[in-house]
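Q: My structure is below; once you've seen it, I'll send some questions.
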Amino acid sequence: MNNPLRDEIKDILNSAKTIAVVGLSDNPGRTSYQVSEAMQNAGYKIIPVNPNCSEVLGEKALGSLSELEGPVDIINVFRRSEYLAGVAEEASKVKADVFWAQLGLECEEAYRIAREAGMTVIMDRCIKVEHALTK
């Protein structure tokens, strides 16, 4: 499991417009909310994916990735590592360029599934930190 080099991550973040966030909480105290809010403030369209929420950050929440109505640039995952393979399986059925597992999250099987689906895979990195480092 190798992450892209920082230059490639910079290119990904510069070209991306839409981020579907799996596990985005509506609790402002949660990391997923804070990171997604920062990315929204940086100009990205955030699509919350959480069956337990109806709306997050002013956007209608989806129950699953299968409810996406169009392609997304990045699927950013805030679910524990043991759930990553299932999320990658679901992600492989939608149109997305990048499968991104947040800081502290890694899974060989999820990496393989997402790569085989043609996605660039980034794991164990915070999208907000990478965005700040590559500006």
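Residue-wise test of (1) within 14 Å of residue 128 (Cα to Cα); (2) among the polar types (S, T, N, Q); (3) open to solvent by 30 Å² or more (accessible area, probe 1.4 Å); (4) over 15 Å from the mean Cα position of the chain (by Cα).
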{"residue": "2", "(1), (2), (3), (4)": "no, yes, yes, yes"}
{"residue": "31", "(1), (2), (3), (4)": "yes, yes, yes, no"}
{"residue": "35", "(1), (2), (3), (4)": "yes, no, no, no"}
{"residue": "40", "(1), (2), (3), (4)": "yes, yes, yes, no"}
{"residue": "71", "(1), (2), (3), (4)": "no, no, yes, no"}
{"residue": "74", "(1), (2), (3), (4)": "yes, no, no, no"}
{"residue": "81", "(1), (2), (3), (4)": "no, yes, yes, no"}
{"residue": "88", "(1), (2), (3), (4)": "no, no, no, no"}
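Q: Which pairs turn up if I take residues in region 108-121 that are under 19 Å from residue 73 (Cβ atoms) and look for partners that are assigned to a helix (DSSP H, G or I) and open to solvent by 100 Å² or more (accessible area, probe 1.4 Å) with beta carbon separation below 6 Å, at least 6 apart in sequence or on another chain?
A: Note: pairs meeting the criteria are 121/115.
Here's the yes/no breakdown for (1) of a type outside the set (Gly, Ala, Ser); (2) out of contact with any Pro (no Cβ under 8 Å at 6 or more places or on another chain):
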{"position": "65", "(1), (2)": "yes, yes"}
{"position": "80", "(1), (2)": "yes, yes"}
{"position": "96", "(1), (2)": "no, no"}
{"position": "99", "(1), (2)": "yes, yes"}
{"position": "110", "(1), (2)": "no, yes"}
{"position": "117", "(1), (2)": "no, yes"}
{"position": "127", "(1), (2)": "yes, yes"}
{"position": "130", "(1), (2)": "yes, yes"}
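Q: Restricting to region 107-127, name every residue that is over 13 Å from the mean Cα position of the chain (by Cα) and open to solvent by 20 Å² or more (accessible area, probe 1.4 Å).
A: The answer is 107, 108, 109, 111, 112, 115, 116, 117, 118.
Q: Another question, then. State whether the residues of region 95-102 include one that is over 15 Å from residue 121 (Cβ atoms) and open to solvent by less than 70 Å² (accessible area, probe 1.4 Å). Break it down into steps so the answer makes sense when it comes.
A: Residues of region 95-102 that are over 15 Å from residue 121 (Cβ atoms), as a first pass: 95.
Within this subset, residues satisfying the condition of being open to solvent by less than 70 Å² (accessible area, probe 1.4 Å) are none.
Within region 95-102, not a single residue is over 15 Å from residue 121 (Cβ atoms) and open to solvent by less than 70 Å² (accessible area, probe 1.4 Å).
Q: I'm checking my understanding of the structure. Among residues of region 47-68 that are under 19 Å from residue 119 (Cα atoms) and touching a Leu at 6+ places or on another chain (Cβ under 9 Å), which one is surrounded by the fewest Cβ atoms within 10 Å (Cβ to Cβ)?
A: Filtering first and then ranking leaves 68.
The values are calculated or read from the model by the stated rules, or taken from the named source; none is laboratory data. Only a predicted model underlies this, so the values are computations on that prediction, with no experimental measurement involved. Because the Cβ atoms are built from the backbone with ideal geometry, glycine has one as well, and the counts that use them run over all protein chains shown. In case anyone asks, the SASA skips ligands and DNA or RNA and just uses the protein heavy atoms, side chains included. Shrake-Rupley method; radii C 1.70, N 1.55, O 1.52, S 1.80 Å.
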